[in-house]
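The values are calculated or read from the model by the stated rules, or taken from the named source; none is laboratory data. A quick note: this is a predicted structure, and the numbers were derived from the prediction, not measured. Here the Cβ is made from the backbone with ideal geometry for all residues, glycine too, and neighbour counts use every protein chain on show. Note: accessible area is taken over every heavy atom of the protein model, side chains too, but ligands, DNA and RNA are not part of it. Shrake-Rupley method; radii C 1.70, N 1.55, O 1.52, S 1.80 Å.
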Amino acid sequence: MIRAILIFFVLLSNTIFSQNKLNLIPYPHNVNINEGNFTLPETFILNSELPKNETEYFKKRLSSDLKFKESNKSDANLVYSQLPKSGKSEQNDEFYSLEITPKQIQIKSYTKQGYFLALQTLIQLIQSNQKDKKIPAVKIEDQPKFAWRGMHLDVCRHFFTVEEVKQYIDYLAMYKLNTFHWHLTDDQGWRIEIKKYPKLTTVGAKRKESMIGAYVDNTFDGKPYGPYFYTQDQIKDVVKYATERHITVVPEIEMPGHALAALTAYSELACTKGPFEPATKWGVFDDVFCPKEETFKFLENVLDEVIELFPSKYIHIGGDECPKTRWKECAHCQALIKKNNLKDEHGLQSYFIQTIEKHVNSKGRKIIGWDEILEGGLAPNAAVMSWTGIKGGVEAAKSGHFAVMTPGSYCYFDHYQGDPQTEPLAFGGFTPLDKVYSYNPIPEELNAQQAKYILGVQANLWTEYILDFKTVQYQIFPRMMALSEVGWGTSDSKNYKEFEGRVINQFKLLDKMGVNYAKSIYNVTGKVISANNGISYELSTSQNPNGIRYTLDGTNPTANSQTYQNPIPVSKSMTIKSAYFENGELKSAVSSQEFITSKTTGKTITLEQQPSENYSFGGAFTLIDGIVGNVKQLGKTWLGFQGKDVVATIDLGQKTQFSEVYFNTLDNKGSWIHFAKSAQVFVSDDGKSFKMIKEIGKDEILAAKGKIKLNVGNQNSKYLKIKIENAGIIPAGNPGADSKAWLFVDEIGAL
Ligand code: ACM
Ligand code: ZN
């Protein structure tokens, strides 16, 4: 009884709390909501002493909501005072206070940047209260937790115009992000004019054609792409635009890898003669900058022009994914390793980065690079952008180097944000809104002193699969809102639902701006569960569960379709389609799941060796869940085993007749995925002594293109065991040569 009362109380106070929360993202640190409201007047009066540029921005943002007039009187609607620097203690340059009373709005800050951030808060308050024209009386005192709150944009795989880049910068400003990382050079295109080296853009800014569709399809569009690049005048214009919005633009010039476009223009900078061409495919390429005198001279000259254009403290020099294949075979590279007593090619990578660092430091700037710049020893003053995980950031911070956290599993916005079947083609991975929101940029292994080296957090948008700006919008919204709150330091994943409510409120503003945001948070998700020695399909939504409708006949659900109540039994092959409805209106995409059942579906399976962590979704159960693998869902419908065989034993529950055993395996050499080398099928009645009933080799697997169907004669057994052999070490001449190959398997069936 007492517990019941307590629960009631908690619920009640939660409700009051969430009703009282302002519609703001990122949520401010200190909010005191007071009695009364400020009523927006017909004409909003701005004090004439307000900082000019920022106030112009404010007027533009609200031009369709309000009329403006200036007044030099102290009773203007908006007044500003600059705080004395001496008053700063715990407060940083981005601090602001925003006090709204029924009479007036007052902003205080140390800097114009603080004033600008306060205006962003005020704009959100005004725009989310348009209906009744009243904004609540409130006192907000606020500042970000992290100094680097970034978004990256790859303009090499696909190019975006100056106007689009400016819109991107506008989105950052709206959500108080302050760093725009502009990925300007890569294998598929060089996108920045360099006066001293015109061929970088006449030759390196175009490619013969582009890959289209999923990587595994290996299909090309046959259409020349480019030349697309930014002139130096355009770059200056973008930097000015960003600066007016208090956003730092950090340019990235990739080295020593991801350099094919540059090498196409100046092949003398490579280890071999070429000729080269800008890549038409996605991935990592063996031809990289050779660390010769003339390469360093070239890169230093390029960086000198870059430094002139970009006032940022940091210059990003890439450093990721640099294969050592050419360096191993290059006489010059090997002599350089000897001469400088370097340990190996990783030492040479470190030598490369350190040489560049000296030059950049001599110009009064610092370098930042992807976490591979730790290989062979970190350059003395370098900062690390930790992307392969958090290790790079941890290692940097522990050794007194700054780090920006951008781990793939939380911060890569080219990943899927909903069920891939309902999403546009994306790179892979699964990083929904709540996952981004749950990220804590300070790794647990750091103490308070080391944690100070975590500069902040950033999300990256690689554009292999993003062909246009509408898709850019889709991939960043609403996840950028979660990132914004993580960087601001007010995210709280325990209160994710409350955050989601504020996100849904922001959708109205995005609608007004014509932004194509993802509605994935409304989507119905399905989960196969084991039930009655078979499977059922459980549907859920983060919204009201009574809003789920579904069909089993292949038609799209409508508001009148069956209401979901309990997990749906899957006793035969079928397709379940579901969607989320509110007040009769379809809110989500339609989710569709095809099931192909067999005698193994939902039975008990054990694996001798577990799949690799990143490709272990659902565990062994994934192999008998009735879902055949989809190449768009490597991380979900397939299990991945790096360097390991699949040895699976399925307990069919009782003696069972079957005559065919099937499974699929993948081949995608660019991603180090190779077909199995062989497969063997065994049966047993006691689960102890097994008899081999079938064996196939590599040629048969190749001939079947990995879609294996094995005729095993008439069997009647309780246990079925299958061994699928990993290709082993990747042979020379393939991407990832000498590393362990991946084996992917989706479903093991018996008919
Ligand atoms: C990266 O994603 N290659 C930095
Ligand atoms: Zn070389």
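Regarding Ala242, is this residue touching a residue at least 60 places away in the same chain (Cβ under 8 Å) and over 23 Å from Glu164 (Cβ atoms)? Show your work before the answer.
Details: touching a residue at least 60 places away in the same chain (Cβ under 8 Å): yes; over 23 Å from Glu164 (Cβ atoms): no.
So Ala242 fails the test.
Quick check on Pro84: is it without any contact (Cβ under 8 Å) to a residue 12 or more places away in the chain and within 30 Å of Val284 (Cβ to Cβ)? Here the answer is no, as Pro84 does not meet what is asked. Picking from residues in segment 360-383 that are at pLDDT 95 or above and open to solvent by 50 Å² or more (accessible area, probe 1.4 Å), the one that is nearest to ligand 1 (Cβ to nearest atom) is Lys366. Scanning segment 699-744 for residues that are under 38 Å from the mean Cα position of the chain (by Cα) and in a strand (DSSP E or B) turns up Lys707, Ile708, Lys709, Ile722, Lys723, Ile724, Glu725, Ile729, Lys740, Trp742, Leu743, Phe744.
Residues in segment 470-483: is at least one surrounded by fewer than 16 Cβ atoms within 10 Å (Cβ to Cβ), more than 16 Å from ligand 2 (Cβ to nearest atom) and either more than 12 Å from the chain's Cα centre (by Cα) or on the phi > 0 side of the Ramachandran plot (or both)? Yes, the conditions are met somewhere in segment 470-483.
Asn583 meets each of the listed conditions (1) within 28 Å of Asn129 (Cβ to Cβ); (2) in contact (Cβ under 8 Å) with a residue 12 or more places away in the chain apart from (2).
In the set (1) in contact (Cβ under 8 Å) with a residue 12 or more places away in the chain; (2) of a type outside the set (Lys, Arg); (3) away from ligand 1 (no atom under 16 Å from the Cβ); (4) open to solvent by less than 50 Å² (accessible area, probe 1.4 Å), Tyr351 fails one condition alone, (4). Of the residues contained in segment 700-707, none is found to be open to solvent by 50 Å² or more (accessible area, probe 1.4 Å) and in contact with a Ser or Thr (Cβ under 7 Å, 6 or more places away or on another chain). As for segment 422-431, it holds no residue that is closer than 21 Å to Trp182 by Cβ, within 16 Å of ligand 1 (Cβ to nearest atom), of a type in the set (A, V, I, L, M) and crowded, with 20+ Cβ neighbours inside 10 Å. For segment 537-555, residues that are over 27 Å from Glu498 (Cβ atoms) and of a type in the set (Val, Ile, Thr) total 2. Checked against the criterion of being open to solvent by 80 Å² or more (accessible area, probe 1.4 Å) and outside any strand (DSSP E or B), the candidates Lys688, Lys655 yield just one match: Lys688.
A residue that is open to solvent by 40 Å² or more (accessible area, probe 1.4 Å) and closer than 26 Å to Gln167 by Cα cannot be found anywhere in segment 447-458.
In the condition set (1) more than 16 Å from ligand 1 (Cβ to nearest atom); (2) open to solvent by 10 Å² or more (accessible area, probe 1.4 Å), Pro323 is compliant with all but (1). Checking Pro569 against (1) at pLDDT 95 or above; (2) within 28 Å of Ser438 (Cα to Cα), only one condition comes out false. Which one? Just one mismatch for Pro569, condition (2). Restricting Ala741, Ala679, Ala737, Ala750 to residues that are out of contact with any helix residue (DSSP H, G or I) (no Cβ under 6 Å at 6 or more places or on another chain), at negative phi and open to solvent by 10 Å² or more (accessible area, probe 1.4 Å) narrows the list to Ala737. Applying the criterion of being more than 13 Å from ligand 2 (Cβ to nearest atom) and within 33 Å of the chain's Cα centre (by Cα) to the residues of segment 320-345, the residue that is farthest from Asn460 (Cα to Cα) is Asp344.
Looking at Glu254, Glu268 in this structure, which one is touching a helix residue (DSSP H, G or I) at 6+ places or on another chain (Cβ under 9 Å), open to solvent by 10 Å² or more (accessible area, probe 1.4 Å) and either without any contact (Cβ under 8 Å) to a residue 60 or more places away in the chain or not in a helix (DSSP H, G or I) (or both)? Show your work before the answer.
On the way: Glu254 fails: open to solvent by 10 Å² or more (accessible area, probe 1.4 Å).
Result of the check over Glu254, Glu268: Glu268.
Residues that are within 16 Å of ligand 1 (Cβ to nearest atom), in contact with a Ser or Thr (Cβ under 9 Å, 6 or more places away or on another chain) and farther than 16 Å from Ala242 by Cβ within segment 285-320 comprise Asp286, Val288, Gly318, Asp320, listed in sequence order. Is it fair to say Phe180 is touching a strand residue (DSSP E or B) at 6+ places or on another chain (Cβ under 8 Å), within 16 Å of ligand 2 (Cβ to nearest atom) and of a type in the set (Phe, Trp, Tyr)? The answer is no for Phe180. The lone criterion from (1) within 13 Å of ligand 1 (Cβ to nearest atom); (2) open to solvent by 10 Å² or more (accessible area, probe 1.4 Å); (3) assigned to a loop (DSSP other than H, G, I, E, B) left unmet by Asn440 is number (1).
Within segment 87-166, considering only strands (runs of 3 or more DSSP E) that don't extend past its boundaries, which have at least 1 residues that are within 29 Å of Ile466 (Cβ to Cβ) and open to solvent by 10 Å² or more (accessible area, probe 1.4 Å)? Steps first, please.
Working: elements: 96-100, 105-109, 134-142, 148-154.
Output list reads 148-154.
Only a single item in (1) open to solvent by less than 20 Å² (accessible area, probe 1.4 Å); (2) touching a helix residue (DSSP H, G or I) at 6+ places or on another chain (Cβ under 8 Å) is not met by Ser491, and it is number (1).
Filtered by the rule that a residue be among the small types (Gly, Ala, Ser) and touching a residue at least 60 places away in the same chain (Cβ under 8 Å), segment 393-408 gives a lone residue, Gly393. Thr280: among the hydroxyl-bearing types (Ser, Thr, Tyr) and open to solvent by less than 30 Å² (accessible area, probe 1.4 Å), yes or no? Yes, satisfied. Lys176 meets all of the listed conditions (1) under 25 Å from Val302 (Cα atoms); (2) crowded, with 20+ Cβ neighbours inside 10 Å but one, namely (1). For segment 283-319, the set of residues classified as away from ligand 2 (no atom under 13 Å from the Cβ), part of a loop (DSSP other than H, G, I, E, B), surrounded by fewer than 18 Cβ atoms within 10 Å (Cβ to Cβ) and on the phi < 0 side of the Ramachandran plot consists of Val284, Pro311, Lys313, listed by residue number.
Which of the strands (runs of 3 or more DSSP E) found entirely inside segment 508-620 contain at least 3 residues meeting this: surrounded by 15 or more Cβ atoms within 10 Å (Cβ to Cβ)?
On the way: elements: 525-531, 534-540, 548-551, 568-570, 574-582, 591-595, 604-607.
Filter on segment 508-620 gives 525-531, 534-540, 548-551, 574-582, 591-595, 604-607.
Pairs linking a residue in segment 502-514 that is modelled with pLDDT of 95 or more to a residue that is open to solvent by 30 Å² or more (accessible area, probe 1.4 Å), with Cβ atoms under 6 Å and 6 or more positions apart or on different chains, are Arg502/Asn23.
Out of all the residues in segment 709-716, is one or more among the β-branched types (Val, Ile, Thr), at pLDDT 95 or above and either closer than 19 Å to Leu743 by Cβ or in contact with a Leu (Cβ under 8 Å, 6 or more places away or on another chain) (or both)?
No.
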